[in-house]
1. With every protein chain left in place, what is the accessible area per residue of the range 154-245 in square angstrom, probe 1.4 Å?
2. Pop out the ³J(HN,Hα) list for the range 229-239 in order, Karplus 6.51 cos²θ - 1.76 cosθ + 1.60 with θ = phi - 60°, rounded to Hz; leave Gly and Pro as x.
3. Across the range 182-196, in residue order, what do the Karplus-derived ³J(HN,Hα) couplings come to in whole Hz, using 6.51 cos²θ - 1.76 cosθ + 1.60 with θ = phi - 60° and x for Gly and Pro?
4. For a quick check: with amide H placed at 1.01 Å from N, whose amide H comes under 5 Å from GLU278's, ignoring anything fewer than 5 positions away on the same chain?
5. Whole percent per 10 Å bin, from 0 to the bin with the longest distance: what is P(r) over all C-alpha pairs of the chain?
6. With respect to the cross-link table entries LYS82/LYS182; LYS69/LYS211; LYS110/LYS324; LYS76/LYS182, which display a Cα-Cα separation exceeding 28 Å?
7. What percentages, rounded to whole numbers, describe P(r) for the range 36-179 computed over all alpha carbon pairs with 5 Å bin width beginning at zero?
8. For the range 317-322, what does the Karplus curve 6.51 cos²θ - 1.76 cosθ + 1.60, with θ = phi - 60°, yield as ³J(HN,Hα) per residue in whole Hz, taken in order and with x for Gly and Pro?
Amino acid sequence: MFRKSLMTTLAVSALALSACGGGDNSDAGGGSEDGITMGFAQVGAESGWRTANTKDVQDAAKAAGIDLKFTDAQQKQENQIKAIRSYIQQQVDVIAFSPVVESGWDTVLKEAKDAGIPVILTDRSVDSADTSLYATFLGSDFVQEGKSAGEWLVEDSAATDGPVNIVELQGTTGAAPALDRKEGFEAAIAADPDLKIVSSQTGDFTRSGGKQVMEAFLKNTPDIDVVYAHNDDMGLGAIEAIEAAGMVPGKDIKIITVDAVKDGMTALSEGKINFIAECNPLLGAQLMDLAEKVVNGEDVPARVVTEETTFTSEQAKEALPTRKY
Ligand code: GZL
């Protein structure tokens, strides 16, 4: 059901696709001639979570017989916007994307709406006031993830007298998970005035970013007791910096992260990370089901929250053998 347009169908050369700006522009195939074609503009490949999310979306498209056109925006908003415009030009049946940051999407989303192409937000959301610009938002409750992380620390610090100095490794500046995880964590630790965030800086959700920022914290911030990292990858980078400084991660400095990808869960099972709030990347099947409903004109919920949990070290040891990601 590749949309036919009365307008002269624009020939979309490989050049137009390469104008999407770097990254991997691939047609994962799978859809039959009269099947649904989805344009998917992915954030990038910045973390273990993203890698798992990309694979799950591509596998789910194949299983659903949906022809997936995929672009990796290398964490640049301008590349995602170019990719969305390319999908509009190709007259795909539906567009899905994970907005790298919350703001700056209204213009291109209106272009998709004017072209009659529905958009599904997956993983991250936008701050557009006009919610008619997208059909639904499928993703985690990032505020709750931050709250879970903070609530664990409040409980774990209950027997500790005196100040507990926290350094925070923030995700990508302006990204919904970074803003919301900070909000949720701060709300939770407000219950204990001894818990203080003494330094906070973005590590851009990458392992190298987390390591570099943690190295600076260790140089400039005295008496660090806890690291709160907005994802496992930055927490793993912090572990490298802490060990290089001759300290024991999980003991000299406690570490709390979000995601629960395999490398993070392994560090948790080894006691190098102390607690992880899960963020489920396996959104593919739900995304394809929503896409089919939206293309067929069926009603869908405005918000679909993904199910997830939390892990202690003992729980990680139990979960690892059967962990899918
Ligand atoms: C959260 C997702 C975040 C992950 C990071 O849903 O957008 O982006 O927590 C990833 O690991 O880079």
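1. 42
2. Listing the rounded values in order: 10, 5, 8, 4, 4, 5, x, 5, x, 5, 4 Hz.
3. Once θ is set to phi - 60°, the couplings for the range 182-196 become 5, 4, x, 5, 4, 5, 6, 7, 4, 5, 10, x, 6, 8, 10 Hz.
4. So GLU278 has HN proximity to ASP259, THR309, THR310, PHE311.
5. 6, 26, 31, 20, 12, 4, 1, 0
6. LYS82/LYS182; LYS69/LYS211; LYS110/LYS324
7. 2, 9, 17, 20, 17, 12, 7, 5, 4, 3, 2, 1, 0
8. 4, 6, 7, 3, x, 10
The values are calculated or read from the model by the stated rules, or taken from the named source; none is laboratory data. Note that the structure is a prediction, hence the values are computed from the model and not measured. All Cβ positions, glycine included, derive from the backbone under ideal geometry; neighbour counts span all protein chains shown. Side chains are part of the model used for accessible areas, which takes the heavy atoms of the whole protein and leaves out ligands, DNA and RNA. Shrake-Rupley method; radii C 1.70, N 1.55, O 1.52, S 1.80 Å.
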